[in-house]
1. Of everything in region B:10-41, what is among the hydroxyl-bearing types (Ser, Thr, Tyr) and at the interface with another protein chain (Cβ under 7 Å from one of its Cβ atoms)? Give them in sequence order.
2. Suppose we filter region A:157-179 for residues that are surrounded by fewer than 21 Cβ atoms within 10 Å (Cβ to Cβ) and either more than 10 Å from every other protein chain (Cβ to nearest Cβ) or more than 18 Å from A:Leu133 (Cβ to Cβ) (or both); how many remain?
3. Looking only at residues in region A:44-72 that are of a type in the set (A, V, I, L, M) and under 20 Å from A:Leu92 (Cα atoms), which one is nearest to the other protein chains (Cβ to nearest Cβ)?
4. Can you work out which of the residues in region B:16-48 that are among the hydrophobic types (A, V, I, L, M, F, W, C) and not in a helix (DSSP H, G or I) is surrounded by the most Cβ atoms within 10 Å (Cβ to Cβ)?
5. Within the group A:Ala19, A:Ala25, A:Ala41, which residue is at the interface with chain B (Cβ under 10 Å from one of its Cβ atoms), without any contact (Cβ under 8 Å) to a residue 40 or more places away in the chain and in contact with a helix residue (DSSP H, G or I) (Cβ under 6 Å, 6 or more places away or on another chain)?
Amino acid sequence: MASDPSERQADAALLAAYAAGDAEAARQLARTHGPPVFRLARRLLNNDAEAEEIAQEAMMRLWKIAPDWRAGEALISTWLYRVATNLCTDRLRRVRPGPLPEGHDPADESPSVAERLHTRQRAAALEAALETLPDRQRVAITLRHLEERSNPEIAEVMDISVEAVESLLSRGRRALKAALAPAAPHLSVKDA
Amino acid sequence: MTRNPAPSPSNPEDALLDAGFAALRNTPPPLPDGFEQRLTAQALRAMPVAPGPVAERAGLLSRIAAQLGGWQAGVAFGGAAMAGLSLGFFDPGGLISTQSGMFEIAESGATMSAEVSDGIFDDPLAQFEAELGS
């Protein structure tokens, strides 16, 4: 885990202050942790309203657990990512007709990705490609490459080993490269 | 929490992918209007203890002190208290001697010197008229 113990202690102190009725602690927690949770949910769900619902639900769980938060056990950010990821995964499973297999290769089945790349909207195209990934690969890739979390933290968020995270990232990257390959000639990296 | 950027890509495919990630990172989804305010309101509603008492309790003494005139008034109160204590503590002999000295002066029937009394009871207007007349 990349975080230092003092960061965990500071988190615990802030939650203790919240539980004791400190309004400023409430404001600080909402300001610091709400936006990242919303961003993660928004990237996983591609929907503002749903992302806000997830953020509100995750934060509500934080408010409820505040009096029982054990100092030094976890970082608030990691804990919230975990809650939000689980909530998003549940929602994605409900929305999709069926989960894609882990080894699914969407390269030849995503013409929309190529079309988007032809318009040189790299970010939008990658977003579309991310949607084709199996849920766990998508979560791991989003946390690693968009939220820039470390592999050990992702392992904690997803409740899996670091090796499993590395495997998900490797397969996810391979699938994304395959998805972007058809349009790669039209897209110079120098344009990035 | 420190950020952990991924290592630099080693081939064109990875470079293309990482350029896409960078583009997405640089355009984070905007927060909905009023998002943070709604979260804060939710936090205050869900608070196990009624919000605000910590800060307001701390301000109670300050408010009382302000009503009494602030820190300057506090210093004045303290000084007055110390003066009162010292008057009660020390031997009042000095005060008695001062008082008796005053009585002695009164009893001695001492009068002001003629020079002083002349100075006090001189009529300045009469002097002015005399100067005009001369």
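1. At the first step, the residues of region B:10-41 found to be among the hydroxyl-bearing types (Ser, Thr, Tyr) are B:10, B:27, B:40.
If the condition is that a residue be among the hydroxyl-bearing types (Ser, Thr, Tyr) and at the interface with another protein chain (Cβ under 7 Å from one of its Cβ atoms), then B:Thr27, B:Thr40 are the ones that fit.
2. Applying the first criterion (surrounded by fewer than 21 Cβ atoms within 10 Å (Cβ to Cβ)) to region A:157-179 yields A:158-164, A:166-167, A:169-171, A:174, A:177-178.
Checking which are either more than 10 Å from every other protein chain (Cβ to nearest Cβ) or more than 18 Å from A:Leu133 (Cβ to Cβ) (or both) leaves us with A:158-164, A:166-167, A:170-171.
Summing the residues that are surrounded by fewer than 21 Cβ atoms within 10 Å (Cβ to Cβ) and either more than 10 Å from every other protein chain (Cβ to nearest Cβ) or more than 18 Å from A:Leu133 (Cβ to Cβ) (or both) in region A:157-179 gives 11.
3. A:Met59
4. Out of the qualifying residues, it is B:Met47.
5. None of the other options fit; the residue is A:Ala25.
Let's see how each residue does on (1) modelled with pLDDT of 95 or more; (2) assigned by TED's automatic domain parsing to the domain that holds A:Val83; (3) outside any helix (DSSP H, G or I):
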| residue | (1), (2), (3) |
| --- | --- |
| A:Leu133 | no, no, yes |
| A:Ile154 | yes, no, no |
| A:Leu180 | no, no, no |
| A:Pro185 | no, no, no |
| A:Lys190 | no, no, no |
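The values are calculated or read from the model by the stated rules, or taken from the named source; none is laboratory data. Computed from a predicted structure; not experimentally measured. Here Cβ is always computed from backbone atoms with ideal geometry, including for glycine, and neighbour counts include all displayed protein chains.
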